């Protein structure tokens, strides 16, 4: 029954998440006996004793003074309460708080890119499939081969250069006031949109082309299937055939690839945020990395992993919904 | 012996493929540039004494000008950057092929416990976003050139392992494998001598494609400033360009050059990989070629073909159609 | 008897990188009202392309088609626009395909796929269509038609799926049904059942049937008239009984000899020597001459025309066998 499959899948995701959390916990502890050293690496102008005292204080503060196993259970306990720990920053703000502050901004970019990319991409893909062999199709193919080799940050730089500096259509660097003076007023929203234009554009280009190519391939593959011939032999109208028969079957491979591409999208976004100095989780992560703020880094990693797990789970379940052939134990 | 011959034949086929020729030439060109870098580059970018004035525009002395931040010759940096990309890309690609194939074959052939473990690991690694993980690992393990390659390999084998495993599942059931098993060959023997060669095409193709992917990843990492600080990498050049104000000062060549370098390297390896895939799995439905054929159709030839099929039907009693015997029939 | 279908001079070629594939070469086909005509030949002889061309389903790329006339139910349909063809397909002429698993949409229930026919051609709303669908499934011999209609194709057995194809074809009571190897993909026992259903439906609904197959037993049990095809050309046409009792073309003789019969004494399997010619590289003269034990010089030089040798018999051979009661040796 399909329900057992769903439950199995969800349990499996939980298991994966548990392993990821554990990994997350141990990674910053690689190669060091004392996590406090990570926080405060020994510096030349300090005596041994001073360093020891500082480490003691640090340990107490961040809970490193207990055994590793105890730290682990504390960590898990904290997670279950939604506490991701305290950042190494001055003032030890809550990791969760820092993340939540920046999360919406990252979402602005990701959601926009995904929506625009998906819709435009699928449309172009269908067009290319219908006009296969003609210029629309070949153009897509050429664009695909080129786009695979062009990193999104390169595109970002070029766009930033031309549209940002030369033509000054959009701001090349994010306005720092965009965040601080944000309100739900139209003017403020417009400012966000303007600043978001180039980052989204850089990410969307690759996204559109890849969805388009995927859709085009799926549609053509489906069009060559026997049941499409049957549909034609039944005298169904062209529109009916396209939508009810071809498109409904083409969606399946597209849904799968959607889930798969999530982790790549996250990585790409980190770089793009950096290029435009966009105030999102990506830049937060890089900041954390630069200051060796492990709790913050690991907190973000957990969140991102969790998000990926959910995304893959959702696409799997959507697939199950769409394809009546999938049964228990089916692996892609 | 046979394996080498078949690889040689494989390379020959790539060469005879239209796109394959281009791929091989491009990759060859890049390798040449990387190897002969000291001869091609007019300056040694690693040599501090060879720095010039900062921010010079392109001239006959400095084909692409000098960097705004350090005064290094951009063209030379471009040439030397080939080395980093190629070494990181190809080494990672080859190592990924090793690790991925071993684990994929083990998972596919041995099945059971081994398979579960390996596939669980794959699933878990799939879920953690790659670039952030690479960043964390470089933080914890160091940013040395070889450590970075190690990290790429450690994260990159998963995709290949999966694909190989699927192939192995199919090969497991092929006749020659079953024959070997029946003849009492040890599992080890079957895996190494029978299954592994069956995946060779896939491996070579994946090496090309992985290398391409790793080169992009390395560029991204260096761009973020998190790559090996001592290496000259195209990604780093792009970061310097942006940080050094290339955009502000309109030094577009500074951005274009390394970007095109990345593009060229990735593109050529990808092309090679795609050609190899096409050769390994000949696609029967070449729709675009059908259109090409139709465009270049000789209509008079087709008309002749049709006309040659025509014939006159003879009804009733037969007449001889010139020569040869005929038989009287009952009308 | 009124002619339901008159196909004249059909030619179909496929240009490829390896040469021009001559799939169908000057084929004429006539099907009378309520008649069952069999089109027999090995794989690759062009019979599927011919049958699909009747409904004009062959697309132009990748093929190039020429035909003098396709007269269906008294109307010339060779120049019908796509819209006009969509009107008659499914309604006046329908097709049953070979592989029911791949010929049905895997994500739609079988009920919905038949409902489609009624909604499209008879303007029914969903409820009315479903009533008719259930009736059709019942007629075709599907147990529990009302619940089965909500099944997906992969949930049905092979035989049931084929019956669904039958139901879909007969749904709007068309005047002509083309069945392309309708039983080939089935087990032998199911084959007989499905054939029986097919023949029963055909006679009950009064449709003409074009049965495309390579299986002579199917022909023997169901057909009225038989066309034998080889390498794109019709080589023999005869009423079924006459074909089996006295085949004229050496190829036909070969086909029948190759079917082992229980009544045979312990004889070795006879096979027609050689293989079917590559569709892009056909022999000169008569296409069958390299494999024909009776071939003479003329057979190598020029393609024999299709000659009428009786009121309903035609043969494409310079030296047809057993004509006039004489065995040629």
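The values are calculated or read from the model by the stated rules, or taken from the named source; none is laboratory data. What you see is a predicted model, and the numbers here were worked out from it, not measured in a lab. Using ideal geometry, Cβ is built from the backbone for each residue, glycine included, and neighbour counts are taken over all protein chains shown.
List of remarks:
- Identity of the residue in the range A:296-307, crowded, with 22+ Cβ neighbours inside 10 Å and at the interface with chain B (Cβ under 9 Å from one of its Cβ atoms), that ends up farthest from residue A:90 (Cα to Cα): A:305
- Members of the range C:33-56 that are assigned to a strand (DSSP E or B) and farther than 16 Å from residue C:70 by Cβ: C:36, C:38, C:40
- Pair list, Cβ < 9 Å and 6+ apart or interchain, from the range B:125-153 residues that are on the phi > 0 side of the Ramachandran plot to residues that are buried (at least 21 other Cβ atoms within 10 Å of the Cβ): B:142/B:148
A quick yes/no check of all residues on (1) within 14 Å of chain B (Cβ to nearest Cβ); (2) in contact with a helix residue (DSSP H, G or I) (Cβ under 9 Å, 6 or more places away or on another chain); (3) under 26 Å from residue C:217 (Cα atoms):
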| residue | (1), (2), (3) |
| --- | --- |
| C:12 | yes, yes, no |
| C:15 | yes, yes, no |
| C:18 | yes, no, no |
| C:28 | yes, no, yes |
| C:37 | no, no, yes |
| C:51 | no, no, yes |
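- At least 2 residues being within 22 Å of the chain's Cα centre (by Cα) and within 22 Å of residue B:270 (Cβ to Cβ) is the threshold, and among the helices (runs of 4 or more DSSP H) wholly inside the range B:23-141 those reaching it are B:74-105, B:130-141.
- Restricting attention to the range A:140-162 and to residues that are at the interface with chain B (Cβ under 9 Å from one of its Cβ atoms) and over 21 Å from the mean Cα position of the chain (by Cα), the residue that is surrounded by the most Cβ atoms within 10 Å (Cβ to Cβ) turns out to be A:160.
- Scanning the range C:286-309 for residues that are in contact (Cβ under 8 Å) with a residue 12 or more places away in the chain, within 11 Å of chain B (Cβ to nearest Cβ) and in a loop (DSSP other than H, G, I, E, B) returns C:296, C:302, C:303, C:304, C:306, C:309.
- Residue within the range C:137-150 that is modelled with pLDDT under 90 and closer than 28 Å to residue C:54 by Cα present: yes
- Among the candidates B:248, B:315, B:264, residue that is within 9 Å of another protein chain (Cβ to nearest Cβ), closer than 30 Å to residue A:162 by Cα and modelled with pLDDT under 80: B:248
- Checked against the criterion of being within 14 Å of another protein chain (Cβ to nearest Cβ), within 26 Å of residue A:258 (Cα to Cα) and modelled with pLDDT of 85 or more, the range A:116-124 contains not a single residue that satisfies it.
- Note on the range C:62-86: among residues that are part of a loop (DSSP other than H, G, I, E, B) and surrounded by fewer than 16 Cβ atoms within 10 Å (Cβ to Cβ), the one that is nearest to the other protein chains (Cβ to nearest Cβ) is C:68.
- Candidates C:241, C:282 - the one that is within 12 Å of chain B (Cβ to nearest Cβ) and at pLDDT 85 or above: C:282
- Output for the range A:163-179, where each listed residue is part of a helix (DSSP H, G or I), within 12 Å of another protein chain (Cβ to nearest Cβ) and surrounded by 15 or more Cβ atoms within 10 Å (Cβ to Cβ): A:163, A:164, A:165
- Considering (1) closer than 27 Å to residue C:242 by Cα; (2) assigned to a strand (DSSP E or B), the lone condition that residue C:20 does not fulfil carries the number (1).
- Subset of the range C:220-247 (residues that are assigned to a loop (DSSP other than H, G, I, E, B), touching a helix residue (DSSP H, G or I) at 6+ places or on another chain (Cβ under 7 Å) and closer than 30 Å to residue C:65 by Cα): C:223, C:224
- Residue satisfying condition, being surrounded by 22 or more Cβ atoms within 10 Å (Cβ to Cβ), more than 15 Å from residue A:233 (Cα to Cα) and at pLDDT 90 or above, within set C:40, C:54: C:40
Residues are listed down the side, and each one gets a yes or a no for (1) part of a helix (DSSP H, G or I); (2) free of Cβ contacts under 8 Å to residues at least 60 places away in the same chain; (3) closer than 23 Å to residue B:138 by Cβ; (4) in contact with a helix residue (DSSP H, G or I) (Cβ under 9 Å, 6 or more places away or on another chain):
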| position | (1), (2), (3), (4) |
| --- | --- |
| A:255 | yes, no, no, yes |
| A:267 | yes, yes, yes, yes |
| A:298 | yes, no, yes, yes |
| A:305 | yes, no, yes, yes |
| A:311 | yes, yes, no, yes |
| A:314 | yes, yes, no, yes |
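- Qualifying residues in the range C:311-325 (those that are buried (at least 16 other Cβ atoms within 10 Å of the Cβ) and modelled with pLDDT under 85) - the one farthest from the other protein chains (Cβ to nearest Cβ): C:321
- Qualifying position, being modelled with pLDDT under 70 and more than 13 Å from chain B (Cβ to nearest Cβ), among A:61, A:43, A:56: A:43
- Which listed residue is within 12 Å of chain A (Cβ to nearest Cβ) and surrounded by fewer than 17 Cβ atoms within 10 Å (Cβ to Cβ), from B:87, B:135, B:128, B:121: B:121
- Scanning the range A:222-241 for residues that are part of a helix (DSSP H, G or I) and either away from chain C (no Cβ under 13 Å) or in contact with a strand residue (DSSP E or B) (Cβ under 8 Å, 6 or more places away or on another chain) (or both), we see that the one that is farthest from residue A:120 (Cα to Cα) is A:233.
- Residue C:186 meets all of the listed conditions (1) in contact with a strand residue (DSSP E or B) (Cβ under 9 Å, 6 or more places away or on another chain); (2) under 30 Å from residue A:235 (Cβ atoms) but one, namely (1).
- Residue within the range C:106-117 that is more than 26 Å from residue C:190 (Cβ to Cβ) and either assigned to a helix (DSSP H, G or I) or in contact with a strand residue (DSSP E or B) (Cβ under 9 Å, 6 or more places away or on another chain) (or both) present: no
- Looking only at residues in the range A:321-332 that are within 14 Å of chain C (Cβ to nearest Cβ) and closer than 21 Å to residue B:119 by Cα, the one that is modelled with the highest pLDDT is A:326.
- Against the list (1) surrounded by fewer than 20 Cβ atoms within 10 Å (Cβ to Cβ); (2) at pLDDT below 85; (3) assigned to a helix (DSSP H, G or I); (4) within 12 Å of chain B (Cβ to nearest Cβ), the condition residue A:292 fails is (3).
- Matching helices (runs of 4 or more DSSP H) fully within the range C:121-180 where at least 2 residues are buried (at least 21 other Cβ atoms within 10 Å of the Cβ) and in contact with a helix residue (DSSP H, G or I) (Cβ under 9 Å, 6 or more places away or on another chain): C:126-139, C:158-170
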